[in-house]
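Below: the structure, in structure tokens.
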Amino acid sequence: MNRKQFILSIIMTALIAAFMAFSPGYIISSRTALTLQRNGEKDEAYQGIITVWHIVGFKPYQGSLGSWVSNVASQLEKKHSGVYFEVDSITMEEYDARIARGEQPDVFSFPLGCVFVEQLAELDIEQPLLRGNLDGVGRYESRLYCLPYAASGYLIVHNQRLMQERGTDIDGISVMLKSGEVTAAGDPVQACIYGLTGELANEEEFLNEKALSAFVDARAVGDLARKVQNGKGFPFEIESCCNYTDLVQLMGANVNASYEKMPYIYELMESCISAEHQNKLISIGLMPAISEVEELKSETEAGKLIFDELENIAAPNSFLYKTYQEQLKISALEAMRGSISAKKDMDLRLTELVRGAAIK
């Protein structure tokens with residue numbers, strides 16, 4: 001054996017000795033960690049995927065409510081090993097198609113009037129103090145089936161160019177709208193509550209500057225503002241509608257969700273209405289459902305108006321709204337055309353829908 005081979009053999013012997021000395025401890029510690037991890041996983045009552053359908057009926061002033069739900073869910077995943085929430089944002093049309101195919105999620109996140117009470121499990125959960133009459137919007141025969149967790153509202157938008165052509169301001173436009181001298185577009189129920197008379201145009205006519213005003217949701221106002229910032233669209237002014245809104249998002253458990261999944265579904269709901277996550281709704285222009293969030297500051301005029309409107313929110317019961325929403329719109333349109341009986345019908349339906357709240 002030459003000198004080089006001798007030195008190499010000494011080094012290899014030393015490395016083998018070091019490996020034999022230290023590897024048992026490393027292997028034991030690794031096995032301990034894996035054992036603890038497996039034991040932790042076994043502590044979970046359920047392991048697998050919990051499906052959440054976030055059905056988009058309205059959008060916030062900016063950003064995405066679906067992303068907000070996904071963020072809440074992802075934080076829960078970090079707490080529970082082996083438990084995963086699959087949040088899928090879908091349109092109302094996609095929801096209808098999936099239901100028709102016999103598909104169903106574990107959790108519904110849905111706008112007012114979208115889901116039947118028969119699809120939901122009765123909830124054994126305590127609601128926090130909610131704004132306005134939100135405590136009752138997810139109840140059926142006094143039993144709780146879904147939790148409201150976010151809301152948006154409507155605003156009246158006036159085309160400044162058309163206002164200047166008329167030589168008037170917002171106060172003057174109000175008189176014209178109520179007397180039927182000018183055309184407005186948008187939501188019929190909001191327009192009727194406001195006192196609009198005459199035919200209601202569609203929103204496309206307003207965007208094409210063929211209608212002077214429009215009763216639209218916060219997202220539409222946000223889209224108009226972003227167009228103006230990009231040198232498109234037209235200058236406009238906004239004002240409040242009222243505290244009535246059907247733009248409320250709720251969350252409920254599928255009546256067929258397995259028993260093992262329910263603790264995690266409850267935890268998701270409780271997280272959605274926690275002060276921590278409710279505060280984050282403000283940044284995308286949505287109204288938190290819980291009263292605990294009091295500092296409602298917005299950098300946009302639209303946000304300030306919406307928050308003022310909805311401080312004492314009057315929203316329909318979701319399950320009654322599921323039944324009456326189409327007839328409510330028909331009555332509103334007929335009432336604006338001058339039908340006294342239609343106006344009476346709409347007022348009675350609104351009174352029934354928004355129990356415990358006054359529309360202002």
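The values are calculated or read from the model by the stated rules, or taken from the named source; none is laboratory data. Bear in mind that the values here come from a model prediction, so they are computed numbers and not experimental data. Glycine also receives a Cβ, built like all others from the backbone with ideal geometry; neighbour counts cover every protein chain displayed. Each accessible area value is taken on the protein alone, full model and side chains, heavy atoms only, with ligands, DNA and RNA left out. Shrake-Rupley method; radii C 1.70, N 1.55, O 1.52, S 1.80 Å.
Can you pull out every residue in the range 179-194 that is modelled with pLDDT under 95 and either within 23 Å of Asp345 (Cα to Cα) or of a type in the set (A, V, I, L, M) (or both)? Working first, answer last.
Kept after step one, since they are modelled with pLDDT under 95, are these residues of the range 179-194: 179-183.
Passing the criteria: Ser179, Gly180, Val182.
Kindly provide the set of residues from the range 268-307 that are part of a helix (DSSP H, G or I), surrounded by 15 or more Cβ atoms within 10 Å (Cβ to Cβ) and free of Cβ contacts under 8 Å to residues at least 40 places away in the same chain, ordered by number.
Asn279, Ile282, Phe307
Do you know which of the residues in the range 85-111 that are among the aliphatic types (A, V, I, L, M) and open to solvent by 10 Å² or more (accessible area, probe 1.4 Å) is nearest to Gly66 (Cα to Cα)?
Val87
Quick grid of which residues meet (1) within 23 Å of Pro111 (Cβ to Cβ); (2) at pLDDT 95 or above:
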residue	(1), (2)
Lys232	no, no
Cys241	yes, no
Tyr244	yes, yes
Val248	yes, yes
Gly252	yes, yes
Asn256	yes, yes
Lys261	no, yes
Tyr264	no, yes
Glu270	yes, yes
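Please specify each residue of the range 126-170 satisfying the condition of being of a type in the set (S, T, N, Q), open to solvent by 10 Å² or more (accessible area, probe 1.4 Å) and under 24 Å from Leu296 (Cβ atoms).
Gln127, Asn133
Can you pull out the residues in the range 115-125 that are surrounded by fewer than 18 Cβ atoms within 10 Å (Cβ to Cβ) and in a loop (DSSP other than H, G, I, E, B)?
The answer is Phe116, Ala121, Glu122, Asp124, Ile125.
In the range 65-74, is there at least one residue being over 30 Å from Leu155 (Cβ atoms) and either more than 19 Å from the chain's Cα centre (by Cα) or at pLDDT 95 or above (or both)?
yes
Please state which one of Ile156, Ile173 is under 25 Å from the mean Cα position of the chain (by Cα), over 18 Å from Asn317 (Cβ atoms) and not in a loop (DSSP other than H, G, I, E, B). First the steps, then the outcome.
Values: Ile173 fails: under 25 Å from the mean Cα position of the chain (by Cα).
None of the other options fit; the residue is Ile156.
I'm told Ile265 meets every condition in (1) in contact (Cβ under 8 Å) with a residue 60 or more places away in the chain; (2) of a type outside the set (Asp, Glu); (3) closer than 25 Å to Cys242 by Cβ; (4) part of a helix (DSSP H, G or I) except one. Can you identify the failing condition by its number?
Answer for Ile265: the failing condition is (3).
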